[in-house]
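Every number in this text was worked out from the coordinates using simple rules, so none of it is lab data. This is a predicted model, so every value here is computed, not measured. Note that each Cβ is placed from the backbone with ideal geometry, even for glycine, and that neighbours are counted across all protein chains shown.
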Amino acid sequence: MKLTNQELIDDLAERTIANVMAAEELKNLPIEILNQKSSSESWSALECIEHLNRYGDFYLKEIKKQFLTAAQVPATTEFKSGLIGNYFAKSLQAKEKLNKMKTVKNMNPNGSDLTIGVIDTFIAQQKEMLEILDRSLTISLKKNKTSISISSVLKLRLGDTLRIVIYHNQRHLAQAKKAVL
């Protein structure tokens, strides 16, 4: 995938704004509905969002680190996705029929006692992401790299990491919406 940094950031910002709106809609529902589950193995809407918050805690810190070291790597106008980053991003995109994926234990919120505050945390993280996206035009989305949550050895291009996090958010918000039906 190759496009300008501006196109990438505009797309990701639009998706993030839609994610905030979806979370705000969920916030209007009664807590009982937000905590309902179709089975003991499935996640409630709040568990879906708590899962995103846990990843957000990791990735927002990891992404912000790039702004501290990015001065050595000037911004470019084009972004080209890396092979592994593009694979992960595509696999996490929300689709009509979602492929089943296992999550690592510390990111699995199943059985957690959750309140509406989970949605507030998610919305705050998304506002932080919008600020990050705005600042991302000043650094290289290709040369700056981030660790990923499952391996500190594997590094992905910052642009791919942004795609992965935001696509992952969309995926689980779609799952949260299904959980409340």
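Results, tabulated for the structure shown:
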item: Ranked Phe122, Phe67, criterion: other C-beta atoms within 10 Å, fewest first; result: Phe67, Phe122
item: Set of aspartates and glutamates with alpha-carbon distance to Lys64 below 17 Å, sequence-local pairs under 8 removed; result: Glu128, Glu131, Asp134, Asp160
item: For Glu78, residues with placed amide H under 5 Å, excluding near neighbours; result: Asn5
item: Convex hull volume per residue in cubic angstrom - Cα atoms of the stretch 1-42; result: 87
item: Links that overshoot a 29 Å alpha carbon limit, given the list Lys2/Lys61; Lys127/Lys178; Lys61/Lys177; Lys155/Lys178; result: Lys155/Lys178
item: Distance in nm between pseudo-label sites at Glu14 and Ile33 (7 Å out along the Cβ direction from Cα); result: 2.9
item: The chain: radius of gyration over Cα atoms, expressed as a fraction of 2.2 N^0.38 Å; result: 1.03
